[in-house]
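In what follows, a single structure is set out as structure tokens and then discussed.
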Amino acid sequence: MRVFVLLSLILITGPTLNAQEILVNGVVINQQKKPVSDVIVYIKGENKNTITDSLGAFTFKLTANGAYSIFVSSIGIYPLENRYQIKGDTTLTIQVEEKKLELPEVVVQGDSDIFGIRRLRSMEDGGLYEGKKTEVINIELLIGNKASNNARQAYSKVPSLNVWESDFVGLQLDIGGRGLSPKRTSNFNTRQNGYDISADALGYPESYYTPPLQAVQQIEVVRGAGALQYGTQFGGLLNFKMKKGNPNKKINVETHNSYGAFQFLNTFNSVHGQIDRLNYYSFIQYKRGNGWRENSNIEQRNIFTSFNYQISTKLKANIDLTHMYYLSQQPGGLTDTAFEFDPKSSNRNRNWFRVNWNLASLTFNYAISNATNIVSRTFALSAQRSSLGTLETPNVEDPLTHRDLIDGTFKNFGNESRITYSYNSVDKQKNVLLIGTRLYKGNTNFSQFFGSNGDNANFARVDTAYLNRRKSEFDFPNFNAAIFVEKIIRLNQQLSIIPGIRYEYIDTKSEGSYSVNTRLNSFGDFIESFEDEKSEKNRHLFLYGLGVSNTLGNSYELYMNATANYRAINFTDIQIQSNTQVVDSLIKDESGYSFDLGIRKLDFRPFFLEMGLFYVWYNNKIGEVRDDDLRIRTNIGAAQIFGAEFFLEMDVLSLLNKASTKKLSIFINGSINRGIYVNVNDRQQAVLQSRNRLEEIPNYNLKSGLTYQPGKFAMSLQGTFVGEQFSDAANSNQSITGVFGKIPAYQVLDFSSKYTLNKKIELTFDVNNLLDHSYFTRRATAYPGPGIIPATGRSWNFTLVTKF
């Protein structure tokens, strides 16, 4: 209680204004006198940075007259540093030189982009990130397989991430970290341009839609401390920031056409540009393939359109529309014996999965003044996922009867608004206050019935009353209201503290019916009846946290944060049942807290270094335990997760010769992870023990690679090395079904290359799993299994990029 009162007093303390502010306004223009947007503007020695808006404008506040060095950089311009004499309010015009694509491919990048990764700035896009563990992946600089959304390559520089590899074309993203399940990235708050894209942020936060990397500008990752600004979860934030239109040309056309192993075909086509105050970006994508394993056919369509309109110098609006549809045949899981014999095999040819995802958003960004800004995002989702097939474990042959049909329909909408206010304290330190609100209303319908007994993708429901299997249909309406406050309080130029608090009101309901089968005699005859069920649960939650940031000289930053976390039970934790899985009726929400302590280098030349420790306390962790051949989904107990993370990347040629125009960078990114159950719930002590290892957390996780770029040609070679992990809390070695057991350590090598012929034509060639290593990353308990899901063997992909 004392902590809560102290945080509240800190947060509501009124800002003290400084009357001696010096206002520096400026604009960045190119050689044609046109404004240049998204340019980083940095005042050296003052810890002040900002980004130019769509009109090329920027603003700073200074506390004293004098000479200041201002540095500007961006992907499309050459970095520039000039020294300016500031005396009173000043207006600057900075002219930059745009890069010519005819020159060698490797050109000087801004410090924050030299390796294709940076950290989020203290205040960026309406969020506060000082004192937090963050990463920003610049997809434009990624040399990797973008056509198939290869997650190993895209997230190779983010420590501790555990990747499930479930399909060969990147239909779904399955990443988790620090002992959290990778299942459809459900332990992150997953967003696109700052708004939710998962099925239901409260009760079913699984992401069936993943934006294509070819349309993504950058990926932002915020670890556990993101719970204060982005809702109740343990993982943090994952935000896909989509590309914008070229502001210097009315119409631009770009097309990526790929062909690869297993009849893989991907065509991605975008049109974008700027017409007066309107900036637009739109793409259409079509993807298909036969798959490395038998019965792995896929087909996907994806359409996206974004309009950004500068209504006035202070107000701009953005509209996003997204549609994605795919149909995939699922080859099912394997037993350990079948995997060892032939990992490409499949004994399921009647399993299918279908997704139809539709998103819309409207965002307003209003700069009330140079110190105050409001961002308001309204978003909506209308989507459906359907799974059809047999959920029998792979040691059982397909009975060739009516298949299980599970439908999920999601309709939700919400608004998240936040206001940031910057001001100078009495001792002339720049403080920032963030206040945000969130309203969210959703309705999910889950039904579990029988489908046809054929082998095609017929998702029609069949009214069958003679099969002794459970059927159900439930509505899950929910409502969420939240308010959150964070504040950067700078005690001096080196030290700042960042307290925060979030209040959540969560109302979840469940209403529906399920079948009950009563055995009539010893011959197996039974009678089917339906039971109605209705429930409601309200929660009032306070999440709180505190961060600290301390710069050590001008070279390094020491940061720390501690944050409370919470995760409500999912709808599938309540009702989805099968012949091999049941859900504990007493299942509860999860709670805990996370802690980060790290040190990182502030600049990226000629190398970047970050090291850290983390700790997560996880109470009432939900998982699955065995009871003979039955799987019970329940609260297992309390767990501790802890480890060490590090990242190092250096430009070798720059170290040897600062004037070198070539690039040879080497990186190593790794973590040592440990997770144990420290207290097992009473109901689980018959099958589990305290000190068991946590499931889905490898004991080590290492990625390393190099990038060589002598000119128009560039290539990268990356190795992934992941240690042994368990799929269940009982730490089973293996099982006859393939559902439970160890996931052995594995190693994968990936090669990618790119050749820029001229400013209009680019060629890429990728080989994933270069050494054709046989391995798997998950044992599925249901779709796309159950059983072992083998990772894809050696595959190649060729892409031709043309721009007009």
Residues of region 323-339 being open to solvent by less than 20 Å² (accessible area, probe 1.4 Å) and of a type in the set (Phe, Trp, Tyr), in sequence order, are 326, 339
Would you tally the residues in region 63-80 being part of a strand (DSSP E or B) and in contact with a Lys or Arg (Cβ under 8 Å, 6 or more places away or on another chain)?
6
The lone exception for residue 282 - which of (1) surrounded by fewer than 21 Cβ atoms within 10 Å (Cβ to Cβ); (2) farther than 19 Å from residue 247 by Cβ; (3) under 26 Å from the mean Cα position of the chain (by Cα) it fails:
(2)
Looking at 226, 235, 260, can you tell me which residue is more than 25 Å from the chain's Cα centre (by Cα) and crowded, with 23+ Cβ neighbours inside 10 Å?
260
Evaluation of residue 277 against (1) modelled with pLDDT under 95; (2) in contact with a strand residue (DSSP E or B) (Cβ under 7 Å, 6 or more places away or on another chain); (3) open to solvent by less than 60 Å² (accessible area, probe 1.4 Å) (one fails), failing number:
(3)
Conditions first: (1) open to solvent by less than 50 Å² (accessible area, probe 1.4 Å); (2) closer than 30 Å to residue 196 by Cα; (3) modelled with pLDDT under 95. Residue 499 passes all but one, so which condition is the exception?
(3)
Taking the criterion of being of a type in the set (Lys, Arg), modelled with pLDDT of 90 or more and either open to solvent by less than 50 Å² (accessible area, probe 1.4 Å) or not in a strand (DSSP E or B) (or both), would at least one residue in region 690-700 satisfy it?
no
Taking region 706-755 as the search range and keeping residues that are closer than 30 Å to residue 691 by Cα and touching a helix residue (DSSP H, G or I) at 6+ places or on another chain (Cβ under 7 Å), which one is surrounded by the fewest Cβ atoms within 10 Å (Cβ to Cβ)?
734
What are the residues in region 161-176 that are open to solvent by 10 Å² or more (accessible area, probe 1.4 Å) and either aliphatic (A, V, I, L, M) or under 22 Å from residue 615 (Cα atoms) (or both), if any?
163, 173
Looking only at residues in region 393-413 that are touching a residue at least 60 places away in the same chain (Cβ under 8 Å) and surrounded by fewer than 21 Cβ atoms within 10 Å (Cβ to Cβ), which one is nearest to the chain's Cα centre (by Cα)?
395
Name the pairs whose Cβ atoms lie under 7 Å apart, with the first residue in region 70-98 and more than 20 Å from residue 21 (Cα to Cα), the second surrounded by 13 or more Cβ atoms within 10 Å (Cβ to Cβ) and of a type in the set (Lys, Arg), and 6 or more positions between them or separate chains?
71/44; 76/99; 77/99; 78/99
Cβ-Cβ under 7 Å pairs, at least 6 apart or on other chains, region 760-771 side among the aromatic types (Phe, Trp, Tyr), far side surrounded by fewer than 20 Cβ atoms within 10 Å (Cβ to Cβ):
765/753; 765/798
Taking region 783-804 as the region of interest, how many residues are open to solvent by 30 Å² or more (accessible area, probe 1.4 Å) and closer than 27 Å to residue 738 by Cα?
2
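The values are calculated or read from the model by the stated rules, or taken from the named source; none is laboratory data. Computed from a predicted structure; not experimentally measured. Don't worry about glycine lacking a Cβ; one is built from the backbone with ideal geometry, like all the others, and counts go over all protein chains shown. These area figures cover heavy atoms from the full protein model, side chains too; ligands, DNA and RNA do not enter into them. Shrake-Rupley method; radii C 1.70, N 1.55, O 1.52, S 1.80 Å.
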